[in-house]
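Asks: Would you mind keeping the following structure in view while I ask a few things?
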Amino acid sequence: MKPLDFDRRYGELDQVIRAYLGRSAEDGESGEDEALEAYLRHTWHTRPWAVAIAGQQVREYARNPPGRLRRRLGEFYPVPDVGLPDAEIQGWLVRVADRLERSVADGAVPPPSPPRTHWEWHARFPELAQLLCGWFSQDMPDEFPDHDSALYDYATTTDPQLVARAAGEARELGALFLDESECALALAELGMEVEPPAPLSPSAWAALLADRLLSLRAADCGPPPEPSGPPEG
(Lines give C-alpha, C1' and ligand atoms only; values in the text may rest on other atoms or scores of the structure.)
Protein backbone atom coordinates (compact mmCIF):
# COMPACT_ATOMS: atom_id res chain seq x y z
CA MET A 1 0.00 0.00 0.00
CA LYS A 2 1.28 3.46 -0.90
CA PRO A 3 2.14 5.75 2.03
CA LEU A 4 -0.56 8.30 1.18
CA ASP A 5 -3.22 5.59 1.04
CA PHE A 6 -2.00 4.15 4.31
CA ASP A 7 -2.14 7.53 6.06
CA ARG A 8 -5.60 8.26 4.70
CA ARG A 9 -6.99 4.94 5.94
CA TYR A 10 -4.88 4.06 8.95
CA GLY A 11 -2.47 6.87 9.83
CA GLU A 12 -4.12 8.00 13.05
CA LEU A 13 -5.34 4.49 13.88
CA ASP A 14 -1.68 3.52 13.85
CA GLN A 15 -0.85 6.28 16.35
CA VAL A 16 -3.55 5.03 18.72
CA ILE A 17 -2.40 1.43 18.49
CA ARG A 18 1.24 2.40 18.98
CA ALA A 19 0.25 4.00 22.29
CA TYR A 20 -0.58 0.45 23.49
CA LEU A 21 2.71 -1.20 22.49
CA GLY A 22 4.29 -2.77 25.55
CA ARG A 23 1.00 -2.52 27.41
CA SER A 24 -2.15 -4.63 27.52
CA ALA A 25 -5.50 -3.54 26.13
CA GLU A 26 -7.03 -5.31 29.12
CA ASP A 27 -5.65 -2.61 31.43
CA GLY A 28 -8.61 -0.42 30.57
CA GLU A 29 -11.22 -3.02 31.39
CA SER A 30 -11.11 -2.58 35.16
CA GLY A 31 -9.75 0.94 35.54
CA GLU A 32 -8.09 3.86 33.77
CA ASP A 33 -6.78 3.05 30.31
CA GLU A 34 -3.39 4.74 30.65
CA ALA A 35 -2.40 4.09 27.04
CA LEU A 36 -5.50 5.78 25.64
CA GLU A 37 -5.31 8.56 28.21
CA ALA A 38 -1.71 9.18 27.16
CA TYR A 39 -2.73 9.35 23.50
CA LEU A 40 -5.59 11.75 24.28
CA ARG A 41 -3.48 13.94 26.55
CA HIS A 42 -0.63 14.31 24.06
CA THR A 43 -2.80 14.64 20.95
CA TRP A 44 -5.28 17.14 22.42
CA HIS A 45 -2.39 19.42 23.36
CA THR A 46 -0.42 19.06 20.11
CA ARG A 47 -2.78 18.03 17.27
CA PRO A 48 -6.36 18.42 18.58
CA TRP A 49 -7.95 17.89 15.16
CA ALA A 50 -6.45 14.39 14.98
CA VAL A 51 -8.56 12.98 17.84
CA ALA A 52 -11.71 13.02 15.70
CA ILE A 53 -9.83 11.46 12.78
CA ALA A 54 -8.58 8.73 15.11
CA GLY A 55 -12.14 7.96 16.20
CA GLN A 56 -13.31 7.69 12.60
CA GLN A 57 -10.43 5.47 11.48
CA VAL A 58 -10.67 3.15 14.49
CA ARG A 59 -14.44 2.73 14.08
CA GLU A 60 -14.17 2.18 10.33
CA TYR A 61 -11.57 -0.53 10.85
CA ALA A 62 -13.74 -2.18 13.51
CA ARG A 63 -16.76 -2.12 11.20
CA ASN A 64 -14.86 -3.43 8.18
CA PRO A 65 -12.09 -5.76 9.32
CA PRO A 66 -9.87 -6.96 6.46
CA GLY A 67 -11.18 -9.95 4.53
CA ARG A 68 -9.18 -12.56 2.67
CA LEU A 69 -8.67 -10.47 -0.48
CA ARG A 70 -7.33 -7.44 1.39
CA ARG A 71 -5.08 -9.69 3.44
CA ARG A 72 -3.72 -11.33 0.30
CA LEU A 73 -3.09 -7.95 -1.34
CA GLY A 74 -1.59 -6.50 1.82
CA GLU A 75 -4.09 -3.61 1.81
CA PHE A 76 -4.89 -3.67 5.49
CA TYR A 77 -3.52 -2.57 8.84
CA PRO A 78 -2.09 -5.49 10.85
CA VAL A 79 -3.04 -4.79 14.47
CA PRO A 80 0.00 -5.56 16.67
CA ASP A 81 -0.28 -7.75 19.73
CA VAL A 82 -2.19 -5.84 22.43
CA GLY A 83 -2.70 -8.82 24.70
CA LEU A 84 -6.13 -9.83 23.43
CA PRO A 85 -7.33 -12.91 21.51
CA ASP A 86 -8.14 -12.20 17.87
CA ALA A 87 -11.85 -12.72 18.55
CA GLU A 88 -11.86 -9.81 21.03
CA ILE A 89 -9.97 -7.26 18.93
CA GLN A 90 -13.04 -5.96 17.11
CA GLY A 91 -15.00 -5.31 20.31
CA TRP A 92 -11.99 -3.60 21.87
CA LEU A 93 -11.59 -1.31 18.85
CA VAL A 94 -15.26 -0.33 19.12
CA ARG A 95 -14.73 0.63 22.77
CA VAL A 96 -11.65 2.66 21.85
CA ALA A 97 -13.59 4.47 19.10
CA ASP A 98 -16.40 5.19 21.57
CA ARG A 99 -13.94 6.72 24.02
CA LEU A 100 -12.26 8.85 21.34
CA GLU A 101 -15.55 10.14 19.97
CA ARG A 102 -16.89 10.83 23.45
CA SER A 103 -13.80 12.88 24.22
CA VAL A 104 -14.45 15.01 21.13
CA ALA A 105 -18.18 15.36 21.76
CA ASP A 106 -17.70 16.34 25.41
CA GLY A 107 -14.58 18.42 24.83
CA ALA A 108 -12.95 16.29 27.53
CA VAL A 109 -9.29 17.33 27.37
CA PRO A 110 -6.99 15.58 29.86
CA PRO A 111 -5.04 18.14 31.90
CA PRO A 112 -1.32 18.50 31.18
CA SER A 113 0.98 16.26 33.17
CA PRO A 114 4.36 14.54 32.83
CA PRO A 115 4.21 11.57 30.44
CA ARG A 116 3.05 8.32 31.99
CA THR A 117 3.78 5.74 29.28
CA HIS A 118 6.75 4.83 27.10
CA TRP A 119 4.87 5.98 24.00
CA GLU A 120 4.03 9.35 25.56
CA TRP A 121 7.64 10.02 26.60
CA HIS A 122 8.81 9.45 23.03
CA ALA A 123 5.91 11.37 21.48
CA ARG A 124 6.59 14.40 23.67
CA PHE A 125 10.41 14.34 23.52
CA PRO A 126 11.23 12.79 20.12
CA GLU A 127 14.62 14.41 19.45
CA LEU A 128 15.83 14.04 23.03
CA ALA A 129 14.91 10.35 22.74
CA GLN A 130 16.89 10.17 19.49
CA LEU A 131 19.92 11.64 21.26
CA LEU A 132 19.70 9.37 24.30
CA CYS A 133 18.89 6.21 22.32
CA GLY A 134 21.58 6.79 19.74
CA TRP A 135 24.45 8.22 21.79
CA PHE A 136 23.87 7.05 25.37
CA SER A 137 23.00 3.39 24.93
CA GLN A 138 24.91 0.67 26.77
CA ASP A 139 27.51 0.81 23.97
CA MET A 140 28.50 4.40 24.78
CA PRO A 141 31.56 3.52 26.94
CA ASP A 142 32.96 1.50 24.01
CA GLU A 143 32.46 4.32 21.52
CA PHE A 144 33.29 7.49 23.49
CA PRO A 145 35.67 8.31 26.35
CA ASP A 146 33.04 10.32 28.24
CA HIS A 147 29.58 11.89 28.07
CA ASP A 148 30.79 15.22 26.65
CA SER A 149 32.51 13.45 23.77
CA ALA A 150 29.24 11.71 22.94
CA LEU A 151 27.41 15.04 23.04
CA TYR A 152 30.09 16.56 20.81
CA ASP A 153 29.63 13.76 18.29
CA TYR A 154 25.85 14.25 18.29
CA ALA A 155 26.14 18.02 17.88
CA THR A 156 28.65 17.78 15.02
CA THR A 157 26.83 15.09 13.05
CA THR A 158 23.24 16.27 13.48
CA ASP A 159 21.42 19.08 11.70
CA PRO A 160 21.60 22.28 13.81
CA GLN A 161 17.81 22.57 13.80
CA LEU A 162 17.53 19.14 15.41
CA VAL A 163 20.24 19.98 17.93
CA ALA A 164 18.24 23.08 18.87
CA ARG A 165 15.13 20.96 19.18
CA ALA A 166 16.88 18.50 21.49
CA ALA A 167 18.09 21.41 23.62
CA GLY A 168 14.57 22.79 23.85
CA GLU A 169 13.19 19.39 24.82
CA ALA A 170 15.88 19.05 27.49
CA ARG A 171 14.76 22.40 28.95
CA GLU A 172 11.15 21.25 28.88
CA LEU A 173 12.10 18.05 30.70
CA GLY A 174 13.78 20.13 33.40
CA ALA A 175 10.68 22.32 33.68
CA LEU A 176 8.65 19.28 34.76
CA PHE A 177 10.49 19.45 38.13
CA LEU A 178 10.72 15.70 38.51
CA ASP A 179 12.33 14.24 41.60
CA GLU A 180 15.49 12.18 41.23
CA SER A 181 13.79 8.80 40.83
CA GLU A 182 11.27 10.24 38.36
CA CYS A 183 14.03 11.91 36.33
CA ALA A 184 16.06 8.70 36.24
CA LEU A 185 12.98 6.85 35.01
CA ALA A 186 12.33 9.53 32.37
CA LEU A 187 15.88 9.28 31.02
CA ALA A 188 15.58 5.49 30.91
CA GLU A 189 12.24 5.66 29.11
CA LEU A 190 13.84 7.98 26.56
CA GLY A 191 16.60 5.46 25.88
CA MET A 192 19.50 6.30 28.17
CA GLU A 193 21.22 3.11 29.29
CA VAL A 194 24.28 4.54 31.10
CA GLU A 195 24.66 6.45 34.34
CA PRO A 196 25.11 10.24 34.27
CA PRO A 197 28.71 11.42 34.60
CA ALA A 198 29.89 11.32 38.21
CA PRO A 199 29.14 13.06 40.48
CA LEU A 200 26.05 14.46 38.76
CA SER A 201 22.58 13.20 39.60
CA PRO A 202 20.11 12.43 36.78
CA SER A 203 18.30 15.76 37.24
CA ALA A 204 21.56 17.75 37.42
CA TRP A 205 22.90 16.19 34.24
CA ALA A 206 19.58 16.62 32.43
CA ALA A 207 19.63 20.28 33.42
CA LEU A 208 23.06 20.69 31.81
CA LEU A 209 22.11 19.04 28.53
CA ALA A 210 20.54 22.08 26.88
CA ASP A 211 23.43 24.39 27.81
CA ARG A 212 26.01 21.85 26.64
CA LEU A 213 24.28 21.36 23.30
CA LEU A 214 23.80 25.05 22.62
CA SER A 215 27.37 25.93 23.65
CA LEU A 216 28.71 23.34 21.23
CA ARG A 217 26.80 24.91 18.36
CA ALA A 218 27.75 28.45 19.45
CA ALA A 219 31.42 27.47 19.48
CA ASP A 220 31.00 26.22 15.92
CA CYS A 221 31.69 22.74 17.19
CA GLY A 222 35.34 23.23 18.04
CA PRO A 223 37.46 20.60 19.77
CA PRO A 224 35.68 18.26 22.20
CA PRO A 225 35.17 19.92 25.59
CA GLU A 226 36.76 18.70 28.77
CA PRO A 227 34.63 16.23 30.76
CA SER A 228 31.89 18.01 32.65
CA GLY A 229 32.01 18.48 36.39
CA PRO A 230 29.34 19.37 38.92
CA PRO A 231 27.56 22.72 38.47
CA GLU A 232 28.95 25.54 40.57
CA GLY A 233 26.92 26.89 43.46
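Asks: Arrange the peptides 180-188, 109-117 so that the one whose residues have, on average, the most other Cβ atoms within 10 Å appears first. Don't jump to the answer; show the numbers that get you there.
Replies: Numbers: 180-188: 16.8, 109-117: 14.4.
Output ranking for 180-188, 109-117: 180-188, 109-117.
Asks: Residues of the chain: accessible area per residue at 1.4 Å, in Å²? Please report the intermediate quantities before stating the final value.
Replies: Details: 12620 Å² over 233 residues.
Here the residues of the chain average 54 Å² of exposed surface.
Asks: A further question follows. Could you work out what % of the accessible surface of region 76-121 is carbon and sulfur, using a 1.4 angstrom probe and leaving DNA, RNA and ligands out of the count? Present the calculation step by step, with values, prior to reporting the outcome.
Replies: On the way: 1370 of 2440 Å².
The value for region 76-121 is 56 percent carbon and sulfur by accessible area.
Asks: Once you sort the root eigenvalues of the Cα gyration tensor of region 73-126 as a ≥ b ≥ c, which label holds: rounded (a/c under 1.5), prolate (a/b larger than b/c) or oblate (the other case)? List each step's numbers first, then the result.
Replies: Numbers: a/c = 2.15, a/b = 1.37, b/c = 1.57.
It comes out oblate by the Cα gyration axes.
Asks: Then there is this: In square nanometres and to one decimal, what's the mean projected area of the convex hull around the Cα atoms of the chain? Present the calculation step by step, with values, prior to reporting the outcome.
Replies: Numbers: hull surface 62.6 nm².
Projected over every direction and averaged, the Cα hull of the chain covers 15.7 nm².
Asks: Could you sort 89, 53, 17 by accessible area so the largest value comes first, with the probe set to 1.4 Å?
Replies: Details: 89 25, 53 70, 17 0 Å².
Per-residue accessible area, sorted high to low, gives 53, 89, 17.
Asks: Something else: So how much accessible area does residue 146 have, in Å² to the nearest 10, using a 1.4 Å probe?
Replies: Rounded to the nearest 10, that gives 30 Å².
Asks: Still on this structure, I have one more. Ranked by accessible surface with a 1.4 Å probe, highest first, in what order do 43, 158 come?
Replies: On the way: 43 0, 158 25 Å².
Highest to lowest solvent-accessible surface, that is 158, 43.
Asks: Of 137, 152, 64, which is farthest on the positive side of the dipole of region 35-162, counting Cα position, with +1 on Lys and Arg Cβ, -1 on Asp and Glu Cβ, and the Cα centre as origin?
Replies: Farthest towards the positive end: 64.
Asks: Expressed as a whole number of Å, what is the distance separating the alpha-carbon centroids of region 114-136 and region 157-201?
Replies: Cα centroid to Cα centroid, the span is 9 Å.
Asks: Quick one: dipole size for the chain, taken about the Cα centre, charges +1 on Lys/Arg Cβ and -1 on Asp/Glu Cβ, in debye to the nearest 20. Write out the running numbers ahead of the final one.
Replies: Details: 22 positive and 40 negative charges, 303 e Å.
It comes to approximately 1460 debye.
Asks: Okay, moving on. To the nearest 500 deg cm²/dmol, what mean residue ellipticity at 222 nm is calculated for the chain from DSSP H runs of n ≥ 4 alone, each contributing -39,500 (n - 2.57), summed and divided by the residues? Intermediate values should be presented prior to the final figure.
Replies: On the way: 12 runs with 146 residues, N = 233.
It comes out at -19500 deg cm²/dmol, rounded to the nearest 500.
Asks: Given the whole protein assembly as supplied and a 1.4 Å probe, what does the accessible area of residue 118 come to in Å², nearest 10?
Replies: 90
Asks: What shape does region 133-182 have by the C-alpha gyration tensor, where a ≥ b ≥ c are the square roots of the eigenvalues, rounded means a/c under 1.5, and otherwise prolate means a/b greater than b/c and oblate the rest? All intermediate terms of the calculation are to be shown ahead of the outcome.
Replies: Values: a/c = 2.83, a/b = 1.26, b/c = 2.23.
Judged from the Cα gyration tensor, region 133-182 comes out oblate (a/c at least 1.5, b/c at or above a/b).
Asks: Assuming R0 = 30 Å, can you tell me the calculated FRET efficiency for the pair residue 18 and residue 149, based on Cβ-Cβ distance, to the nearest 0.05? If you can, show how the numbers build up before the last one.
Replies: Values: r = 33 Å, r/R0 = 1.11.
For R0 = 30 Å, the calculated efficiency reads 0.35.
Asks: Contour minus end-to-end for residue 162 and residue 45, with contour as 0.36 nm per residue of separation and end-to-end as the Cα-Cα distance?
Replies: Details: separation 117, 0.36 × 117 = 42.12 nm, distance 2.14 nm.
So the chain would gain 40.0 nm between residue 162 and residue 45.
Asks: Any chance you could look up the accessible area of residue 159 with a 1.4 Å probe, heavy atoms only, rounded to 10 Å²?
Replies: That residue has around 80 Å² of solvent-accessible surface.
The values are calculated or read from the model by the stated rules, or taken from the named source; none is laboratory data. Bear in mind the structure is a predicted one, so any value in this text is a computation, not a measurement. Quick reminder, even Gly has a Cβ in these numbers, built from the backbone with ideal geometry, and neighbours come from all protein chains shown. Side chains are part of the model used for accessible areas, which takes the heavy atoms of the whole protein and leaves out ligands, DNA and RNA. Shrake-Rupley method; radii C 1.70, N 1.55, O 1.52, S 1.80 Å.
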